[in-house]
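Engineer: After the C-alpha cells below, expect a handful of questions from me.
The values are calculated or read from the model by the stated rules, or taken from the named source; none is laboratory data. Predicted model only: the values in this text are computed from it and were never measured. Neighbour counts are summed over all protein chains in view; Cβ atoms, including those assigned to glycine, are modelled from backbone coordinates with ideal geometry.
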Amino acid sequence: MDSIREKVMNATGITCFQRKVYLALLDVPAGTTITYGELARRVGCRSAQAVGQALKRNPFVPDVPCHRVVASDGSLGGYNGEREGERLERKRRLLEEESNKRLLWK
C-alpha cells in the first residue's frame with residue numbers, strides 16, 4: 001500500500017464518506033480528469049455536491065488530487081470552494097502541468 005493511501009486509510013478527523021471519496025480519487029491518473037458526478041457514482045453516492053463538499057475539506061492536498069475533478073460540462077468548477085480567482089488558476093496550471101508530463105511519458 002502506498003503511503004498516501006495508507007495515510008487516508010488511517011486518518012482520524014475525516015468521515016467514512018470523505019475517506020471513500022479521497023481513496024477513489026487516488027485512482028484517477030495524473031493528466032486526466034473526472035467529473036464530480038462520476039466520482040460520486042464510483043463511491044455509491046447520488047450527489048455530486050456531496051463529493052464537492054468532501055473535496056472542499058480535503059486535508060491531503062495535493063497528494064489527494066482534487067484538482068482533477070471537473071464539472072459535468074468539463075469546466076473547472078469550484079476549487080477549494082471557490083469559483084474564480086487565484087485558486088482556480090492554480091487548478092488550471094496543475095492540470096496543464098500533469099497533461100504535459102503525461103505527454104512526455106508516452
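Engineer: Quick check on the range 1-42: of everything there that is over 29 Å from ASN100 (Cα atoms) and of a type in the set (A, V, I, L, M, F, W, C), which residue is surrounded by the fewest Cβ atoms within 10 Å (Cβ to Cβ)?
Structural biologist: Per the stated criteria, the residue is CYS16.
Engineer: Among the residues of the range 41-49, are any modelled with pLDDT of 95 or more, on the phi > 0 side of the Ramachandran plot, of a type in the set (Gly, Ala, Ser) and over 13 Å from the mean Cα position of the chain (by Cα)?
Structural biologist: Within the range 41-49, one or more residues are modelled with pLDDT of 95 or more, on the phi > 0 side of the Ramachandran plot, of a type in the set (Gly, Ala, Ser) and over 13 Å from the mean Cα position of the chain (by Cα).
Here is a yes/no grid of residues against (1) more than 12 Å from PHE60 (Cβ to Cβ); (2) in contact (Cβ under 8 Å) with a residue 40 or more places away in the chain:
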| site | (1), (2) |
| --- | --- |
| ARG5 | no, no |
| MET9 | no, no |
| GLY13 | no, yes |
| ARG19 | no, no |
| LEU23 | no, no |
| LEU26 | no, no |
| THR35 | yes, no |
| ARG41 | yes, no |
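Engineer: Given the structure, is PHE17 modelled with pLDDT of 90 or more, part of a helix (DSSP H, G or I) and of a type in the set (Phe, Trp, Tyr)? Lay out the reasoning, then the answer.
Structural biologist: Working: modelled with pLDDT of 90 or more: yes; part of a helix (DSSP H, G or I): yes; of a type in the set (Phe, Trp, Tyr): yes.
Answer is yes for this residue.
Engineer: Does GLY74 satisfy the condition of being at pLDDT 85 or above, more than 22 Å from ASN10 (Cα to Cα) and either small (Gly, Ala, Ser) or surrounded by 12 or more Cβ atoms within 10 Å (Cβ to Cβ) (or both)? Write out each step before concluding.
Structural biologist: Working: at pLDDT 85 or above: yes; more than 22 Å from ASN10 (Cα to Cα): yes; either small (Gly, Ala, Ser) or surrounded by 12 or more Cβ atoms within 10 Å (Cβ to Cβ) (or both): yes.
Answer is yes for this residue.
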